[in-house]
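Visitor: This is the structure I have questions about; it appears just below.
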Amino acid sequence: MSKPVTLPRWIDILLIPLLNLLTAFVVSGLVIAALGENPFFALSVMIKGAFYYPGSLGYTLYYTTNFMFTGLAVALAFHARLFNIGGEGQAYIGGLGVAVFCLSLDHYLYSWIVVILAIFGASIFGATWALIPGYLQAKRGSHIVITTIMFNFIAASLMVYLLVNVIIEPGQMSPETRDFKNGVGLLQIHKALNFFGIPSTATPLNLSFLIAILASIFVWLLIWHTKLGYDIRTLGNSETAAEYAGINVPRTIMIVMCISGALAGLVAVNEILGVHNRLLLGFTAGYGFTGIAVALMGRNHPIGIFLASLLFGTLYQGGAELDFEFSTITREMVLMIQGLIILFSGALAYMYNPIVEKILINLIGKVKD
Amino acid sequence: MSTNQIDKGREKSLPLNSQSKILELKNITKRFGPVLANDNVSLDVIEGTIHGIVGENGAGKSTLMSILFGFYQSDNGIIKVFNKEVIINSSQKAISLGIGMVHQHFMLVPTFSVLENVILGNENGSILSKNLSSARDKLIKLSNSFGLEVNPDALIQNLPVGMQQRVEILKSLSRGAKILVLDEPTGVLTPQETEALFGILKSLKEQGVTVILITHKLKEIMAVTDFVSVMRNGKMVSNLVTQNTSTGEIAELMVGRKVLFSIDKKASQPGDTLLQVSNLNLTKDDGHQVLKNINFHLKAGEILGVAGVAGNGQSELLDSLSGILPIKEGSIKIMDQEIFSQNEMDPKEIRKLGVSHVPEDRQSRGIVLPFQNRENSILGFHYLDKWNKGIFLDNSKISSYLQNISEQFDVRPNNPFLKSANLSGGNQQKLVLAREIDSKPKILLVGQPTRGVDIGAIEFIHKHLIEMRDNGVAVLLVSVELDEIMSLSDRIIVMNNGEIVGEVLSKEANEKDIGLLMAGVKS
């Protein structure tokens, strides 16, 4: 009967997103042209800035790591139809988890033990920060979108208070903790490469990138290959079916939020443990929010999220280069391109479907004739 | 083409005088992507008759009517109304041509009065009061002349379903409908309300209104129509004069093969009481009491039918028995396990006791539409050890299980990776039934097993329910299809307004008495 046509899978997951992306870039190009610059030259600057210049790839992948963590966090929650807007706050509190373990133990235990504890600390603190909105949603029916947004603000205020009043390094002006003991931190990739005799420029890329890849595999296995994942997807697709099947809905909501928060908390591992080696204000820099766009673009699938993260990482790194190269283009241009990407691949994701559908049907019709 | 020739002889007997044709559809073709919903369909409707259109779900009836009412445009073919070729590209156009439509789900605003609903979309300007008074006169005149009494000031939400339908009909008539299309109008009515509706349709016919009745209930076709057109797989298979045909013939044309109507069943041999419900009460959060002092028992090897018009507490009863709704007052005893408010059990625990549940709404409960068939084949059982290998689901075992039960229960296509949303209603239902029956339950709760299911599948599902009974399973069957209840059940309880208003043995039951009980007339 009036069944809508289902497009072949490759069109849905490959062609359509590429068309959307292309549209976003064409519109961005028009804006750059309107500013009086050559869009193709700008594009080449951006791509070189993200991949070609020495050290640029390292920076790109370092940003990618952050987007992968927050993207996975949003996607996992979304499989249970929970909109976790709180990645930003969960990542921020994750940083507190890293700092608590590092600052209290780094002079007493082996460095590698402290690092492992700090990674757990980041995820446990992030999970706890997400659990509270999860609990409120599951047991009290408070909408998760509202509560997670509020928890972002609470996290920001809490961190300011702690960094200014409690864990600030005594005798210094900027709100930061003391540096962790030398050696308490994750190995940076360029150091490893240099050790093996491959000369490479110093970049912030560190072992967290591997953790992000492991986290992607973990999420993939969890969602599609475990009982819990089955519960999560049932809940996400039909709460009535979940009730019918005897799935404990409140419990599942809380578990999902915990895992989601833990993933977001891992941003702190990349930033604090991998790069800064001390806790400081505002290190999350909006990664939590961009994670929403990443999950959206990546269709909530770990592979899609990796690709989307790489794209956003490229924009971050290549955008800095744009700013550097052109006097008329500022770093905010990247925000605009991001916005256009979100617009075309999120809000208008299905814009091309009817057209592609028509073309496809005509093609098939012709083949059959 | 060839299918159109099946009944050539009979078609000749139709008075095909072009003078009297009020509506002609010629070679209508509608394609949705690769799906041919209407394949070269032609239909002639003669003025002042009641014309039935029958066909299984997906045969193309609704598509055809949607084209007639301007929701879709046909790819090919022409429509003639009053012998004039027209293009209908919107419902407004259809209305202006004198075509009215009463949808299966009423398009009424529950908080508006009858009068307000009748002028909805036809308000004639921005000042309401003037139009209301003239509309009131018109409405009263209309309802008098057609014998459709309604109170213009009653709120829709306070009216019984049969009355609401009347308002829908009046709404169409007030726009000057000469052709009235009714889509599955009896689905929500009691037998008595159905009778009343047929009376209305006949009086409309006498006043010269042409009625097109879309239904899947053959009894209704025989009772009220003059002509009947049968659709199958998007094609118009046959046009018949109702009095020259029989339900058997129509069913055969619909399905494309012979259909058994009578259900072969032996006398039941009830065993031990497996389910005992005592003084069950349930009040919803809004203070509305939906179950009132429910008492009944269910024995092994019998089918207990729960009859009633939809929305009289049957759904809540099923939900309470399966653990979806917690028990607040009263108790349920499942074999030796007593369940009451201090000793609640969730659906998972109840399922472990050997209770399987085929839910009323398969699309929101019984299956998860975006899931693959294999994933749906373990819904509710996915936590069992047999589906898990360590911490992971045993996906290959689940796939072969799905293929296995699909084979047994004739779920087509038998494809573990196909999304269940792409199965037809009948096949979705067979999948749910397969899963629940295969769990070897002691008690089987079944809600609306054949709603939106094609005739072939209905036969199959009924056969399986009887087989379960013969194997000593206690079956509780909730259905709004009275025929289904009467032919399958051994005992029947009737629910009205949250109460059990009567119990009858099915061999002593007749439709009229049960109908009165359903309507709450007799207690």
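Visitor: Starting from the Cα of A:SER157, step 7 Å along the direction of its Cβ; do the same at B:LYS463; then give the gap between the two resulting points in nm.
Guide: Rounded to a tenth, the inter-label distance reads 6.9 nm.
Visitor: What distance in nm separates the simple spin-label points at A:ALA202 and A:HIS143, each placed 7 Å from Cα in the Cβ direction?
Guide: Once both label points are built, they end up 4.8 nm from each other.
Visitor: Sticking with this one: Per-residue counts of other Cβ atoms within 10 Å, averaged by peptide: what ranking do you get for B:108-121, B:491-504, highest first? Intermediate results must be reported in sequence, preceding the final value.
Guide: Details: B:108-121: 17.9, B:491-504: 20.8.
By packing density, highest mean first, the sequence is B:491-504, B:108-121.
Visitor: At 0.36 nm per residue, and after removing the present C-alpha to C-alpha distance, how many nm does the segment from A:TYR53 to A:LEU210 gain when stretched out fully?
Guide: 54.2 nm
Visitor: Could you work out Rg/(2.2 N^0.38 Å) for the stretch B:81-177, with Rg from alpha carbons only? Mind dumping the intermediate values first?
Guide: On the way: Rg = 13.8 Å, N = 97, 2.2 N^0.38 = 12.5 Å.
Working it through for the stretch B:81-177, the quotient is 1.11.
Visitor: Putting +1 on Lys and Arg Cβ atoms and -1 on Asp and Glu Cβ atoms, find which of B:VAL224, B:ILE294, B:GLY208 reaches farthest to the positive end of the dipole of chain B.
Guide: Ranked along the dipole, the leading option is B:GLY208.
Visitor: So what J values fall out for the stretch B:496-501 if you push phi through Karplus, 6.51 cos²θ - 1.76 cosθ + 1.60 with θ = phi - 60°, rounded to Hz, Gly and Pro as x?
Guide: 9, 6, x, 10, 7, 9
Visitor: Quick one: Karplus J couplings for the stretch B:315-327, per residue in order, coefficients 6.51, -1.76, 1.60, θ = phi - 60°, nearest Hz, x for Gly and Pro?
Guide: 5, 5, 4, 4, 5, 5, 5, 8, x, 5, 9, x, 7
Visitor: Under unit Cβ charges (Lys, Arg +1; Asp, Glu -1), what dipole magnitude, rounded to 20 debye, does the stretch B:370-440 have relative to its Cα centre? Write down the numbers at each step before the final one.
Guide: On the way: 9 positive and 7 negative charges, 14 e Å.
With Lys and Arg at +1 and Asp and Glu at -1, about 60 debye.
Visitor: Angle check, please: helix B:191-206 long axis (alpha carbons) against the longest principal axis of chain B (alpha carbons), in degrees 0 to 90, nearest 10.
Guide: That helix lies at roughly 10 degrees to the long axis.
Visitor: Is the C-alpha gyration tensor of the stretch B:464-523 telling us rounded, prolate or oblate? Criteria: a/c under 1.5 is rounded; beyond that, a/b larger than b/c is prolate, otherwise oblate. Kindly include the intermediate steps, with their values, before the conclusion.
Guide: Values: a/c = 2.35, a/b = 1.95, b/c = 1.20.
Here the stretch B:464-523 falls in the prolate category.
Visitor: Okay, next question. For n ≥ 4 DSSP H runs only, could you compute -39500 (n - 2.57) per run for chain B, divide by its residues and tell me the 222 nm figure to the nearest 500?
Guide: Result for chain B: -9500 deg cm²/dmol, rounded to the nearest 500.
Visitor: Near the amide H of B:LEU274, under 5 Å away, which other amide H atoms are found, from residues 5 or more places off or on another chain, if H is placed in the peptide plane?
Guide: B:LEU298, B:LYS299, B:ALA300
Visitor: Compute the Rg to Rh ratio over the stretch B:370-440 from the alpha carbon atoms, using the Kirkwood formula for Rh, and round to two decimal places.
Guide: Reported Rg/Rh, Kirkwood definition of Rh: 0.95.
Visitor: Treating the angle as unsigned and between 0 and 90°, give the value, to the nearest 10°, between the Cα long axis of helix B:161-174 and the longest Cα principal axis of chain B.
Guide: Computed tilt is about 20 degrees.
Visitor: Next question. For B:ARG136 and A:MET150, FRET efficiency with R0 = 45 Å and r from the beta-carbon atoms, rounded to 0.05?
Guide: Using R0 = 45 Å, I get an efficiency of 0.30.
Visitor: Continuing with this model, one more query. Can you tell me the alpha carbon radius of gyration of the stretch A:95-147 divided by the globular rule-of-thumb value 2.2 N^0.38 Å?
Guide: Against the compact-globule rule of thumb, the ratio is 1.51.
Visitor: Mind putting a number on the dipole of the stretch A:276-369 about its Cα centre? Charges go on the C-beta only, +1 for Lys and Arg and -1 for Asp and Glu, and I need it in Debye to the nearest 20.
Guide: With only Lys, Arg, Asp and Glu charged at Cβ, the dipole is about 340 debye.
Visitor: Mind checking the full-extension length gain between B:ASP75 and B:PHE417? Use 0.36 nm per residue of separation minus the Cα-Cα distance, one decimal, nm.
Guide: 119.8 nm
Visitor: Now for a separate question. Which helices, taking whole DSSP H runs in chain A, have alpha carbons extending 30 angstrom or more along the helix axis plus mean Kyte-Doolittle at least -0.5?
Guide: Both cut-offs are met by A:56-79, A:111-135, A:302-325.
Visitor: Given +1 on the Cβ of Lys and Arg, -1 on the Cβ of Asp and Glu, and no further charges, what dipole in debye does chain B carry about its Cα centre, rounded to the nearest 20?
Guide: In total the dipole reaches around 1240 debye.
Visitor: Between A:PHE25 and A:ARG81, what FRET efficiency follows from the Cβ-Cβ distance if R0 is 35 Å, with the result rounded to 0.05?
Guide: 0.65
Visitor: Helix B:425-438 sits at what angle to the longest principal axis of chain B, using alpha carbons and giving 0 to 90 degrees rounded to 10?
Guide: Approximately 10 degrees, to the nearest 10.
Visitor: Further question: Going 7 Å from the Cα of A:PHE324 along its beta-carbon direction, which residues of the stretch A:24-38 have the amide nitrogen within less than 20 Å of the resulting point?
Guide: A:38
Visitor: Further question on the same structure: To one decimal place, what orientation-averaged projected area in nm² is obtained for the convex hull of the Cα set of chain B?
Guide: 27.0
Visitor: Calculate, for A:VAL249 and B:VAL35, the FRET efficiency according to 1/(1 + (r/R0)^6) with r their C-beta to C-beta distance and R0 30 Å; round to the nearest 0.05.
Guide: The calculated FRET efficiency here is 0.25.
Visitor: So, one more: Could you list which residues have their amide H under 5 Å from that of A:SER142, counting only those 5 or more apart in sequence or on another chain, with H placed in the peptide plane?
Guide: Distant-sequence amide H within range of A:SER142: A:GLN137.
Visitor: Moving to a separate point now. Which whole number gives the average count of other chain Cβ atoms within 10 Å of the Cβ atoms across peptide B:362-369?
Guide: Values: counts 1, 3, 5, 7, 5, 4, 12, 3.
For this peptide, the per-residue mean of nearby foreign Cβ atoms is 5.
Visitor: Oh, and also: If you rank A:LEU210, A:LEU322, A:LEU162 by fewest surrounding Cβ atoms within 10 Å, what's the result?
Guide: Fewest-to-most Cβ neighbours within 10 Å comes out as A:LEU210, A:LEU162, A:LEU322.
Visitor: Separate question: Taking Cα pairs under 8 Å and at least six residues apart, what relative contact order does chain B come out at, in percent?
Guide: Computed value for chain B: 15 percent relative contact order.
Visitor: Next up: By the gyration tensor of its Cα atoms, with a ≥ b ≥ c the square roots of the eigenvalues, what is the shape of the stretch A:121-215: rounded for a/c under 1.5, prolate for a/b over b/c, or oblate?
Guide: It is oblate, given that a/c is not under 1.5 and a/b is not larger than b/c.
Visitor: Select from B:ASN422, A:MET173, A:LEU109 the residue farthest towards the positive end of the dipole of the protein assembly as shown; place +1 on Cβ of Lys and Arg, -1 on Cβ of Asp and Glu, and compute about the Cα centre.
Guide: B:ASN422
Visitor: Put a dot 7 Å past each Cα toward the Cβ at A:MET336 and A:PHE289; how far apart are the dots in nm?
Guide: Taking the two extended label points, one gets 1.8 nm.
Visitor: Across every pair of different alpha-carbon atoms, what Kirkwood hydrodynamic radius in Å does chain A reach?
Guide: 22.0
Visitor: Right, next: Sequence-distant or interchain residues sharing an amide H contact under 5 Å with B:VAL237, placed H: which?
Guide: Close amide H contacts, sequence-distant or interchain: B:VAL230, B:MET231, B:ARG232.
Visitor: Could you grab the Rg to Rh ratio for the protein assembly as shown? Cα atoms only, Kirkwood for Rh.
Guide: Across the protein assembly as shown, the Cα-based Rg/Rh ratio is 1.04.
Visitor: OK, next. Would you work out which of B:GLY305, B:GLN337, B:PRO191 lies farthest towards the positive end of the dipole of chain B? Charges go on Cβ: Lys and Arg +1, Asp and Glu -1.
Guide: After comparing all options, I get B:PRO191.
Read-outs: derived from the displayed coordinates by stated rules, not from any lab. Quick caveat: nothing in here was measured; it's all calculated off a predicted structure. Glycine gets a Cβ as well: all are built from the backbone with ideal geometry, and neighbour counts include every protein chain shown.
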